[in-house]
Amino acid sequence: MKRWRAWLWGAAGIVLLAVVWEAYKALGPADGVRIGDTIVLPRTNDLAMPHLWTMVQRAGQPVTSAPGAAPLWSYVLSAAWLSFKVALIGWAIALVVGMLLALVMQRSKIANSALLPWVVLSQTVPLIALAPLVKRWSSAFHIGGFAWQDWMSVAVIAAYLAFFPVTVGMVRGLNSPVAAQTDLMRSYATGWWQSLIRLRMPAAVPYLIPALRLSIAAAVIGTVVAEVSIGMDGGIGRMIIEFAQTGSADPAKQWSPIGGAVLMGLAGAGLVALIGLLLKRYRRAEA
């Protein structure tokens, strides 16, 4: 019953968002809401804010006027699937790196003091500046017949953005057992590895699941932004830029890849929810 209630609240949120969109389009000024020379709320004309049913109708039409062109929704889903696979690879890298860093930081207070500032500072580097550097470095990376691909650079950037929540959440979780629990493990003469597996790892799950939600969202955002910066073809990021160039002639079309990016985020959230179900026995108190 509780799970169904959560689904209903989620569906109600989507409906409410649709109602707010159409209400603002019907009641808001055509030129948007301005404070001085700054537009604080968007324009409500059909060029800037098409009706939701117009977007849905456009998604079922061919992507171009060329004979035999695929429907727009199929084109967008194909690009979203490609981007989502790259995001998952970046997310997997982030999980490995984040958990390893967390283990090192929990094991040694000196390592924690030395690494934590760098972990925090890593998130201050803008992706738009990082992406060209990663692409330039990767172009010189060759081992035998192996050639670095653009999607690999995108995955690295997604991992760079996504490892931070995992590291911070995992460190908090590994350090969450109280003194009585750790003293009990010492009384059993357990080593660090046994204490890690039997006490600290299960105690970290309530902290890790929320961190995974943030991490998968960061991986999706990093993938979309990196595709634009690096110039990777076939993904949602490039599609957003390409469709935006035809916005004046086909305004409903440019919203389709944005919907594809939203679906990527929802799929990532669903994957984390599945992981949460598998670890349900350890989630007595979600952090």
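Any read-out appearing in this document is the output of simple, stated calculations on the displayed coordinates, not a laboratory observation. For clarity, every value in this text was computed on a predicted model and none was experimentally measured. Quick reminder, even Gly has a Cβ in these numbers, built from the backbone with ideal geometry, and neighbours come from all protein chains shown.
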The chain: relative contact order in percent, alpha carbon pairs under 8 Å with at least 6 residues between:
22 percent
Solvent-free Debye scattering, log10 I(q)/I(0), computed from the Cα coordinates of segment 49-94 at q = 0.14, 0.26 Å⁻¹:
-0.49, -0.88
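Over segment 174-287, what is the relative contact order in percent, taking alpha-carbon pairs closer than 8 angstrom and at least six residues apart? List each step's numbers first, then the result.
Working: 78 pairs, mean separation 35.4, N = 114.
Reported as a whole number, the value is 31 percent.
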Quick numbers on the chain, Rg and Dmax over C-alpha atoms in Å, give 23.0, 76
How tilted is helix 109-122 with respect to the longest principal axis of the chain? Cα atoms for both, answer in degrees (0 to 90, nearest 10).
10 degrees
Using only helices, what value at 222 nm comes out for the chain when you add -39,500 (n - 2.57) per DSSP H run of length 4 or more and divide by the total residues, to the nearest 500 deg cm²/dmol?
-23000 deg cm²/dmol
Measure off 7 Å from each Cα along the Cα-to-Cβ vector at Trp9 and Arg281, then give the distance between these two points in nanometres to one decimal.
2.7 nm
Summed residue charge, Cβ within 12 Å of Val220's Cβ, Lys/Arg positive, Asp/Glu negative:
+1
What is the spin-label model distance, in nm, from Gln61 to Leu27 if the labels are put 7 Å beyond Cα along the C-beta direction?
3.0 nm
If one takes the longest principal axis of the Cα atoms in the chain, at what angle in degrees, from 0 to 90 and to the nearest 10, does the Cα axis of helix 150-174 lie?
50 degrees
Give the calculated FRET efficiency between Ala48 and Ile197 to the nearest 0.05, with a Förster radius of 45 Å applied to their Cβ-Cβ distance.
0.25
Cα-based convex hull, segment 1-64, per residue volume (Å³, whole number)
133 Å³
Which lysines, if any, have their Cα less than 21 Å from the Cα of Lys25, not counting same-chain residues under 8 positions apart?
Lys253
Given bins 5 angstrom wide, list per bin the percent of all Cα-Cα distances in segment 21-169, short to long.
2, 8, 10, 10, 11, 10, 13, 14, 9, 6, 5, 2, 0, 0
In whole Å and largest first, what semi-axes does the C-alpha gyration tensor of segment 178-247 yield when each eigenvalue is scaled by 5 and square-rooted?
48, 11, 6
Measure of compaction for segment 27-109 (Cα Rg per 2.2 N^0.38 Å):
1.90
